[in-house]
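First comes the structure, then the notes that go with it.
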Amino acid sequence: MRYRTEPSFPHGTAEKTAVLLINLGTPDAPTAKAVKPYLKEFLSDTRVVEIPRAIWWLILNGIILNTRPKKSAAKYASIWTAEGSPLKVHTAKQASLLQQQLRAQTGNNELVVEYAMRYGNPSVASMLDKLKAQNCTRILLLPMYPQYAGSAGASALDAAYATLLQTRNMPAIRALRSFHDDPGYIKAVAQGIRDYWTLHGIPDKLVMSFHGVPKFTLDKGDPYHCECLKTGRLIAEELALPKDQYEITFQSRFGRAEWIKPYTSATLIQLGKQKTRRVDVVCPGFVADCLETLEEIAQEGRDEFLHAGGGEYHYIPCLNERPEWISALGQIARDNLHGWLKQPDTIQLEQSRLRALEKGAVK
């Protein structure tokens, strides 16, 4: 096996602790040229598409990658901002705010928070290399998916573990599985909804839309469906909503196979046909606005509801940089960093450096 190159190490350097936020990813630009390699990486993940490789290779390379990039690029272009991809912009800001908060709360100014994307840039491998170069010997992997799914959180960790397999000098690793029922996360989502309603009034129906997965994954033991239902129930309880005032649905269906139901699209069309006066949609499974929320829900969902005869349609933004969410994320991180936040002893570090030089170390 060929190992990754180890960074230079000056003796007497303090060991650091890091948190690596891992989100789904985004193309580098809203163009077919940029979308194609991103889609290829995403759809080549065996956790995402569980079709025999030979068959899927023909479908992916013969059909999908020749037709879908242009269509997807147009969708990305509709939500792209002057700063770039919304998902990347929000995730970068979340990492920066989390680092500020953790340093302030722990008194550890050497604590590092970075972010990576499972697909696209910055890659998980490149960010692990960056953290190692800063002498981060303890790294908390924090997938930014509240609900666990093999195709999401597990895949994010796969990317990290694959890099570690090629690492000669491994850091200590901890990994968060999910936080679907974390009290701080639930309260942050609920407060975002509550604040929106304070400004815009209360709807007849709140739709909580989660990303969908194929139904067979549930049948084979993936807990994602159950964790989404629990998240939705807890948010409804926090808002004191009666059962007839909210729906839990699943979006982003792909292909002909059956996915977990009810489908968000079908639900919005049905609510439109029922002449529902107003529907609000929120996406608790996403902690940052992205293509799936800003285009699929805020734009396509609106069109489906209105064309079916519905009244008002409102999309409630994701958590993004809401203070309640950054606070909750900080608590989640601290709970998983227990014992890793000790301050370095500068005197011991200098003594260590001098002993290493005496033994022939270059630096």
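The values are calculated or read from the model by the stated rules, or taken from the named source; none is laboratory data. Everything numeric here is computed off the predicted structure, so don't read it as measured data. Ideal geometry is used to build each Cβ from the backbone, glycine not excepted, and the neighbour counts take in all protein chains shown.
Tabulated data for the structure shown
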quantity: Options T231, T198: the member that is of a type in the set (S, T, N, Q), out of contact with any strand residue (DSSP E or B) (no Cβ under 7 Å at 6 or more places or on another chain), surrounded by fewer than 18 Cβ atoms within 10 Å (Cβ to Cβ) and closer than 20 Å to L319 by Cβ; calculated: T198
quantity: Residue within the range 254-261 that is in contact (Cβ under 8 Å) with a residue 60 or more places away in the chain, in a loop (DSSP other than H, G, I, E, B) and assigned by TED's automatic domain parsing to the domain that holds V279 present; calculated: no
quantity: Residue pairs meeting the criteria (Cβ under 7 Å; at least 6 apart or on separate chains; first farther than 18 Å from K93 by Cβ, in the range 278-292; second surrounded by fewer than 22 Cβ atoms within 10 Å (Cβ to Cβ) and small (G, A, S)); calculated: R278/G311; E292/S252
quantity: Matching residues in the range 131-155 - criterion: being assigned to a helix (DSSP H, G or I) and under 19 Å from W340 (Cα atoms); calculated: L131, K132, A133
quantity: Any chance L165 is surrounded by 19 or more Cβ atoms within 10 Å (Cβ to Cβ) and assigned by TED's automatic domain parsing to the domain that holds L21; calculated: no
quantity: Residues of the range 173-192 classified as among the polar types (S, T, N, Q) and out of contact with any helix residue (DSSP H, G or I) (no Cβ under 7 Å at 6 or more places or on another chain), total; calculated: 0
quantity: Search result, residues across the range 85-130 that are within 30 Å of T5 (Cβ to Cβ) and among the charged types (D, E, K, R); calculated: K88, R103, E110, E114, R118, D129, K130
quantity: Candidate set: the range 188-240, residues that are over 20 Å from the mean Cα position of the chain (by Cα) and aromatic (F, W, Y); chosen: the one modelled with the lowest pLDDT; calculated: F216
quantity: Pick from the range 201-224, criterion farther than 23 Å from I269 by Cβ and either in the same structural domain as G150 (by TED's automatic domain parsing) or not charged (D, E, K, R) (or both), ranking: surrounded by the fewest Cβ atoms within 10 Å (Cβ to Cβ); calculated: G221
quantity: Residue within the range 40-53 that is within 29 Å of Q99 (Cα to Cα) and either among the polar types (S, T, N, Q) or not assigned by TED's automatic domain parsing to the domain that holds W259 (or both) present; calculated: yes
quantity: The range 96-134 - residue that is of a type in the set (K, R) and without any contact (Cβ under 8 Å) to a residue 60 or more places away in the chain and, of those, nearest to S327 (Cα to Cα); calculated: R103
quantity: Single match in A29, A14, A34, A18 (criterion: of a type in the set (G, A, S), assigned to a loop (DSSP other than H, G, I, E, B) and within 30 Å of D289 (Cβ to Cβ)); calculated: A29
quantity: Residue list for the range 220-248, filter: assigned to a helix (DSSP H, G or I) and touching a Leu at 6+ places or on another chain (Cβ under 9 Å); calculated: Y224, H225, C226, I235, A236, Q245
quantity: Subset of the range 81-108 (residues that are outside any helix (DSSP H, G or I) and either touching a strand residue (DSSP E or B) at 6+ places or on another chain (Cβ under 9 Å) or within 22 Å of L128 (Cβ to Cβ) (or both)); calculated: G84, S85, N108
quantity: Top-ranked residue in the range 270-285 [being out of contact with any Leu (no Cβ under 8 Å at 6 or more places or on another chain) and more than 19 Å from W197 (Cβ to Cβ); ranked as surrounded by the fewest Cβ atoms within 10 Å (Cβ to Cβ)]; calculated: K275
quantity: Hits in the range 234-244 - residues which are exposed (fewer than 15 other Cβ atoms within 10 Å of the Cβ) and either among the acidic types (D, E) or outside the structural domain of E292 (by TED's automatic domain parsing) (or both); calculated: E237, D244
quantity: Number of the exception - R2 against (1) closer than 22 Å to Y161 by Cβ; (2) without any contact (Cβ under 8 Å) to a residue 12 or more places away in the chain; (3) surrounded by fewer than 15 Cβ atoms within 10 Å (Cβ to Cβ); calculated: (2)
